[in-house]
1. Would segment 1-17 turn up any residue that is hydroxyl-bearing (Ser, Thr, Tyr), at pLDDT 85 or above and over 21 Å from SER67 (Cα atoms)?
2. Please specify each residue of segment 10-23 satisfying the condition of being over 26 Å from GLN39 (Cβ atoms) and in contact with a strand residue (DSSP E or B) (Cβ under 6 Å, 6 or more places away or on another chain).
Amino acid sequence: MELIKVVSKEADGGGAMRHSIGGWLIGLHRNIGRCSTIQAELHAMLDGFLMAWDQGIRHVEVEIGDSEVVRILKTSS
C-alpha cells in the first residue's frame, strides 16, 4: 500500500484587462485559498468575467497559459 501526502498551498489569482489595441484598463488580484492549479486558474478567470461584467464589458477575449484548463474548456461545451 502506498501512502500519498497531499500538500495544499494557498493560491493567488489575477489578471489584467486591456482594450482592443492593448492598453491597460483594469487589473485584479486576490488570494483564492487552498485549491489546485486548475481551480485557481478557473477562479481567476471567473473573477475576470465578473469584473468585466461590472464594468459594462460584454465582449472579452481570454488568454490563459495552462493547457489543461484550455482542454477542459474546449471539451466542456
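1. no
2. HIS19
The values are calculated or read from the model by the stated rules, or taken from the named source; none is laboratory data. Everything numeric here is computed off the predicted structure, so don't read it as measured data. Every residue, glycine as well, gets a Cβ built from its backbone with ideal geometry; the counts of neighbours run over all protein chains shown.
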